[in-house]
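*Asks:* I am attaching a structure below and will ask some questions about it afterwards.
Read the figures in this text as sums done on the coordinates, not as results from a lab. These numbers were taken from a predicted model, which means no experiment stands behind them. Here the Cβ is made from the backbone with ideal geometry for all residues, glycine too, and neighbour counts use every protein chain on show.
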Ligand SMILES: O=c1ccn([C@@H]2O[C@H](COP(=O)(O)O)[C@@H](O)[C@H]2O)c(=O)[nH]1
């Protein structure tokens, strides 16, 4: 199974089809709010019919009853991974799992992971703007432990926290890490970034890569370069 999840941050079905048509193998892709708000959940069917795996990154964050109902409907789409914000608390995350189990196709629910602290959030923003005291890594670890207690399968975190999360939550608990940049790439809006090489060294289960692949001159070549690094 591929360890690189490509973020399809596009605004039309045509862009998605053009992009994926360049690949002659199944790719693990991430569908987020940009694509979903542009095309609706219909886009999931299109991507599944092309044979690709899907992480549906809608980051649910609401009261437990609402998240449960939302997840029940998302489970029926047959995607591989869905997610919530860990900041919604343990009861909300438990409700997410209940909804997924109720909506599961043939008794098999999608994996559910929790976003800890967004990779665009720096130490300073977390302390000074969000009012969360202490080190980012400690909050990320606490959120990961909450996610595990709620029955989730893993978390979204930065590469810099993946090792510590595996230590406290176990090696089977998934770490899915965005904020990936090649050595020559600009950080852009991301704060906690790392290269694919460092992600492999830290034992990340999956990396999420958007612009470094989608905006590269040769997306297929860049994808293979990154995936080969992860599989070393
Ligand atoms: O903490 C998070 C959670 C999700 N993301 C998403 O990952 C990709 C990253 O895109 P790049 O172009 O590689 O920066 C994007 O879809 C985000 O919504 C994240 O970056 N950080």
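*Asks:* May I ask you to list the residues in region 21-50 that are closer than 21 Å to residue 222 by Cβ and more than 16 Å from the ligand (Cβ to nearest atom)?
*Replies:* Matches in region 21-50: 21, 22, 23, 24, 25, 26, 50.
*Asks:* Among the residues of region 92-122, which ones are closer than 26 Å to residue 194 by Cβ, out of contact with any strand residue (DSSP E or B) (no Cβ under 7 Å at 6 or more places or on another chain) and in contact (Cβ under 8 Å) with a residue 40 or more places away in the chain?
*Replies:* 117, 119, 120, 121, 122
*Asks:* In the list 203, 170, which residue meets the criterion of being surrounded by fewer than 17 Cβ atoms within 10 Å (Cβ to Cβ), in contact (Cβ under 8 Å) with a residue 40 or more places away in the chain, away from the ligand (no atom under 15 Å from the Cβ) and under 19 Å from the mean Cα position of the chain (by Cα)?
*Replies:* 203
*Asks:* For residue 159, indicate whether it is in contact (Cβ under 8 Å) with a residue 40 or more places away in the chain and touching a strand residue (DSSP E or B) at 6+ places or on another chain (Cβ under 6 Å).
*Replies:* Values: in contact (Cβ under 8 Å) with a residue 40 or more places away in the chain: yes; touching a strand residue (DSSP E or B) at 6+ places or on another chain (Cβ under 6 Å): yes.
Yes: the conditions hold for residue 159.
*Asks:* Go over the candidates 78, 69 one by one and state the one that is more than 16 Å from the ligand (Cβ to nearest atom), over 23 Å from residue 178 (Cβ atoms) and assigned to a loop (DSSP other than H, G, I, E, B).
*Replies:* Values: 69 fails: assigned to a loop (DSSP other than H, G, I, E, B).
Unique residue meeting the criteria: 78.
*Asks:* Looking at region 1-20 only, could you name the residues that are free of Cβ contacts under 8 Å to residues at least 24 places away in the same chain and surrounded by fewer than 12 Cβ atoms within 10 Å (Cβ to Cβ)? Talk me through it step by step, then tell me what you get.
*Replies:* From region 1-20, those free of Cβ contacts under 8 Å to residues at least 24 places away in the same chain are 14-15, 18; that's our starting set.
Within region 1-20, 14, 18 meet the criteria.
*Asks:* How many residues does region 1-37 hold that are in a helix (DSSP H, G or I) and touching a helix residue (DSSP H, G or I) at 6+ places or on another chain (Cβ under 8 Å)? Steps first, answer last, please.
*Replies:* The first filter runs over region 1-37 and keeps only residues in a helix (DSSP H, G or I), leaving 13-20, 33-37.
Subsequent filtering for residues that are touching a helix residue (DSSP H, G or I) at 6+ places or on another chain (Cβ under 8 Å) retains 13, 16-17, 19-20, 35-36.
Of the residues in region 1-37, 7 are in a helix (DSSP H, G or I) and touching a helix residue (DSSP H, G or I) at 6+ places or on another chain (Cβ under 8 Å).
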